[in-house]
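Below you'll find the structure, written out as structure tokens, and then a few comments.
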Amino acid sequence: MAAFEAVVEVTMREVLLRELVRALLRDCYLPREAPAQMWGGEGSGWRCDVCGHPIAHGEAEYELLFTRPGDSGLHLHRPCYEMWEIERQRP
Ligand SMILES: [Zn+2]
């Protein structure tokens, strides 16, 4: 793959991820508050709460817990987590 095509692909993925995270925040599927607790580790096959794909072994997984009652927490890929951190703090 040519370098230009690789850059376009990465950019497209970011654009789609941003739109997805914004929609999930707007519809309150994702919280805007900072997590009460957070762990990073290796993927354990959980479905990512942003993109819906399983977080495979060998991939980084972030587990987030919130203080809301009944909250079961979030499991996120690293890029999905980073996008959520950016977008949740946007006014
Ligand atoms: Zn994900």
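Every number here is computed from the coordinates shown, using simple stated rules; none is lab data. Note that the structure is predicted; figures quoted are calculated from it, not measured. Here Cβ is always computed from backbone atoms with ideal geometry, including for glycine, and neighbour counts include all displayed protein chains.
Of all the listed residues (5, 85, 14), the sole one being among the charged types (D, E, K, R) and more than 12 Å from the chain's Cα centre (by Cα) is 5. Inside segment 35-70, residues that are assigned to a loop (DSSP other than H, G, I, E, B) and in contact (Cβ under 8 Å) with a residue 12 or more places away in the chain make up a count of 19.
In summary, residue 86 fulfils each of the numbered conditions (1) more than 10 Å from the ligand (Cβ to nearest atom); (2) part of a loop (DSSP other than H, G, I, E, B); (3) surrounded by fewer than 16 Cβ atoms within 10 Å (Cβ to Cβ) with the single exception of condition (2). Quick check on my filter: what residues within segment 45-59 are surrounded by fewer than 15 Cβ atoms within 10 Å (Cβ to Cβ) and within 8 Å of the ligand (Cβ to nearest atom)? Scanning segment 45-59 gives 52, 53.
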